[in-house]
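The values are calculated or read from the model by the stated rules, or taken from the named source; none is laboratory data. Here the structure is a predicted model, which is why all the values come from computation and not from measurement. Counting neighbours? That spans all protein chains shown, and the Cβs are built from the backbone with ideal geometry, glycine included.
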Amino acid sequence: MLRITVHQNPESCTFQLEGRLAGAWVREVEECRRRILAGHRRPSVRFDLTDVTFIDADGRAYLAAMHRQGAQFVAADCLTRAIVAQITSGPIPDRRRPRRGGKSQTQLSRGATPRRTKRVAPDGSEQI
């Protein structure tokens, strides 16, 4: 299932997607986009993927085609951000709300030292 909410103003059009961008839903998004943009000058198009829970190969191909046409993407979770980064061949800015002193979780984790955990094998030896 996919919910499509359209936010329009004279300069831009944002398609907020919620749910699974897969299969027949990809065609539905394209039909909606064409219907909304028909007869309008070319506004800036943005896809808000914040609440997308799954993207299949058809969804990736569609997003890639939209990127080639100049669309922008908003993504929040790690998996969706990684998919968008693959499509756009670059990192996607963190769109989450800032936390703890104005830094996002991503910014906080960049400077952190990775923690090492010890694992104990069945024979009693420790592994790092």
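For segment 65-94: of the residues being surrounded by 15 or more Cβ atoms within 10 Å (Cβ to Cβ) and among the hydroxyl-bearing types (Ser, Thr, Tyr), which is modelled with the highest pLDDT? Outline the logic, then answer.
Looking only at segment 65-94, we keep the residues that are surrounded by 15 or more Cβ atoms within 10 Å (Cβ to Cβ), and these are 66-67, 71-76, 80-81, 83-84, 87-88, 92, 94.
Then keep just the ones that are among the hydroxyl-bearing types (Ser, Thr, Tyr); that gives 80, 88.
Numbers: Thr80: 92, Thr88: 89.
In this case the residue turns out to be Thr80.
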Of all residues making up segment 43-89, the number that are assigned to a helix (DSSP H, G or I), of a type in the set (A, V, I, L, M) and in contact with a Gly (Cβ under 9 Å, 6 or more places away or on another chain): 1
Flag if Ala24 is surrounded by fewer than 17 Cβ atoms within 10 Å (Cβ to Cβ), hydrophobic (A, V, I, L, M, F, W, C), under 19 Å from Arg3 (Cα atoms) and free of Cβ contacts under 8 Å to residues at least 24 places away in the same chain: yes
Test for Arg27: is it more than 16 Å from the chain's Cα centre (by Cα) and assigned to a helix (DSSP H, G or I): yes
Unique match (being touching an Asp or Glu at 6+ places or on another chain (Cβ under 9 Å) and hydrophobic (A, V, I, L, M, F, W, C)) among Leu2, Leu79, Leu37, Leu63: Leu2
Residues satisfying the stated conditions in segment 8-24, i.e. acidic (Asp, Glu) and either in a loop (DSSP other than H, G, I, E, B) or touching a helix residue (DSSP H, G or I) at 6+ places or on another chain (Cβ under 7 Å) (or both): Glu11
Number of positions in segment 49-85 that are under 16 Å from Arg33 (Cβ atoms) and either touching a His at 6+ places or on another chain (Cβ under 6 Å) or of a type in the set (Phe, Trp, Tyr) (or both): 2
